[in-house]
Amino acid sequence: MADLSVIGAAALTCLAGGVLPWINAEVVVIGASMVLPTEALPLLVLACALAQTTSKSALYGLARWSPQRLPARAARLLGAAERHRDGRSLVALVLSGALLAVPPFYLVTLACGLVRVPFVSFALGGFVGTVTRYAFLAWIAFALAAP
């Protein structure tokens with residue numbers, strides 16, 4: 001039962017971290033991985049990746065359907081994304097942002113919403129990249145925490 005509490009708390013923190021960029025979801029995944037048994041790691045990774053994808057989907061929706069609600073600074077920075085209106089280059093950035101966090105997935109998410117990258121492409125690329133990144137971090141953290 002304690003394992004589910006750790007996984008639930010980590011997932012909720014990752015959910016918040018998807019919209020609040022100062023919450024570092026990677027640190028949460030690493031910390032939870034260090035205290036959970038091996039068999040709980042796949043559930044941790046999936047729960048955190050699903051939470052992150054859910055919150056990024058909300059950000060995507062905000063940028064796509066209510067761009068006037070974005071902070072002025074974010075709107076200015078993302079104005080450059082308009083020249084990629086076809087979205088092909090941004091789809092590649094979704095996987096890169098989710099997998100490596102370079103460029104920051106937060107900005108990639110907003111840019112994808114603004115230029116109307118197809119949602120399924122965005123969500124699938126984001127989920128696959130996030131699962132891969134979190135699985136790698138969990139594996140490294142577990143390996144380092146093992147006696």
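The values are calculated or read from the model by the stated rules, or taken from the named source; none is laboratory data. Given the structure is predicted, the values throughout are model-derived calculations rather than measurements. FYI the Cβ positions are ideal-geometry reconstructions off the backbone, even for glycines, and counts take in every protein chain you see.
For the reader, a short list of remarks on this structure follows.
- Test: Pro103 is surrounded by fewer than 16 Cβ atoms within 10 Å (Cβ to Cβ) and modelled with pLDDT under 85: yes
- Residues in the range 100-112 that are farther than 12 Å from Lys56 by Cα and under 9 Å from the mean Cα position of the chain (by Cα): Ala101 only.
- Considering residues of the range 1-35 that are farther than 13 Å from Leu137 by Cβ and not in a helix (DSSP H, G or I) only, the residue modelled with the lowest pLDDT: Met1
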